[in-house]
Each structure stands twice: as structure tokens, then as C-alpha cells.
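S.K.: Sending over a structure as C-alpha cells; questions will come in a sec.
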Amino acid sequence: VQFVESGGGLVQPGGSLRLSCAASGITFNILTMAWYRQAPGKQRELVASISSSSTTNYADSVKGRFTISRDNAKNTVYLQMNSLKPDDTAVYYCNAPYGFPGYWGQGTQVTVSS
């Protein structure tokens, strides 16, 4: 089981980034996938999830700004992040919370700063 996150970087407030997570070693298309983030000194928190039928859920803090999607043909889950704020600064991780909750990738750093 492997999750490889990419797409992070430094962006100004109000900017956008698109994160990708490539999964392997799992039956991707039947699993709920999720994005989490962890800011310095804070606990890891759920940002967004997408079920096998593409039902989505979002943390209140990102509703209307972030969009989670998936491409089952590529075993990849995405997180489109718009209108970024400094509070969005964190390391972002993807995970299969109900199938493989203990498996985490290296994460991708997102820094929102002017």
C-alpha cells in the first residue's frame, strides 16, 4: 500500500493549487479516499473525503474553496484548492480512512504566504 502526494508549494493568499495523490496496492475504485492536513503544532485534521460513488464531504473551513475529485482509471485523488488563506498552510496527506487507515504517504507541503 502506497500513497504518493504531490503538487504542494508556496502560494500567495488568494491563490490556487491542485494536489494529487497516486495510490497503489489497493482496490482504489471501491474505497473512500480523503485528504487530511497537519499544521505545525496542531493535530491532523480531515479536509475532504470522496466515496466510491463520488459523494463528497468537506470540513467547514474549506467548503466553497476546495474541491475533491477522483480518477479511478489512474488510481488518483485530487484536491483543487482555491482562494487559499494563510490558515491553509500545512502538510497535506491522502488516505483511505476505512480501508487502510494506518497507511500514510510523505505528504506535500502547502505554504500560503505573501
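The values are calculated or read from the model by the stated rules, or taken from the named source; none is laboratory data. Being a predicted model, the structure only gives us computed values, none of them experimental. So basically every Cβ, Gly included, is an ideal-geometry build from the backbone, and we count neighbours across all protein chains shown. Calculation scope for accessible area: heavy atoms of the full protein, side chains included, ligands and nucleic acids excluded. Shrake-Rupley method; radii C 1.70, N 1.55, O 1.52, S 1.80 Å.
S.K.: Would you work out which of 77, 64, 98 lies farthest towards the positive end of the dipole of segment 62-101, given +1 charges on the beta-carbon of Lys and Arg and -1 on that of Asp and Glu, about the Cα centre?
M.R.: Of 77, 64, 98, it is 64.
S.K.: Using the Karplus curve 6.51 cos²θ - 1.76 cosθ + 1.60 with θ = phi - 60°, what ³J(HN,Hα) values do you get for each residue of segment 94-100, in whole Hz, with x for Gly and Pro?
M.R.: Running phi through 6.51 cos²θ - 1.76 cosθ + 1.60 with θ = phi - 60° gives 10, 6, 10, x, 9, x, 9 Hz.
S.K.: Here is a follow-up. Accessible area per residue of segment 21-110 at 1.4 Å probe, in Å²?
M.R.: 50 Å²
S.K.: With viscosity set to 1.002 mPa s at 20 °C, what whole-number translational diffusion coefficient in µm²/s follows for segment 38-97 from Stokes-Einstein and a Kirkwood radius over Cα pairs? Before the final figure, lay out each step's value.
M.R.: Numbers: Rh = 12.5 Å.
Calculated translational D: 172 µm²/s.
S.K.: May I have the convex hull volume per residue, in Å³, for the Cα set of segment 1-91? Walk me through the numbers before you get to the answer.
M.R.: On the way: hull volume 8.5 nm³, N = 91.
Here the figure is 93 Å³ per residue.
S.K.: Same structure, new question: Per-residue HN-Hα couplings for segment 21-37, Karplus 6.51 cos²θ - 1.76 cosθ + 1.60 at θ = phi - 60°, whole Hz, x for Gly and Pro?
M.R.: 9, 8, 10, 9, x, 9, 8, 4, 5, 9, 9, 5, 10, 8, 10, 10, 9
S.K.: Another one. Taking the Cα centre of the chain as origin, sum charge times position over the Cβ atoms of Lys and Arg (+1) and Asp and Glu (-1), and report the length of that vector in debye to the nearest 20. Don't skip to the end; give the middle numbers.
M.R.: Numbers: 9 positive and 6 negative charges, 14 e Å.
Once rounded to the nearest 20, the dipole reads 60 debye.
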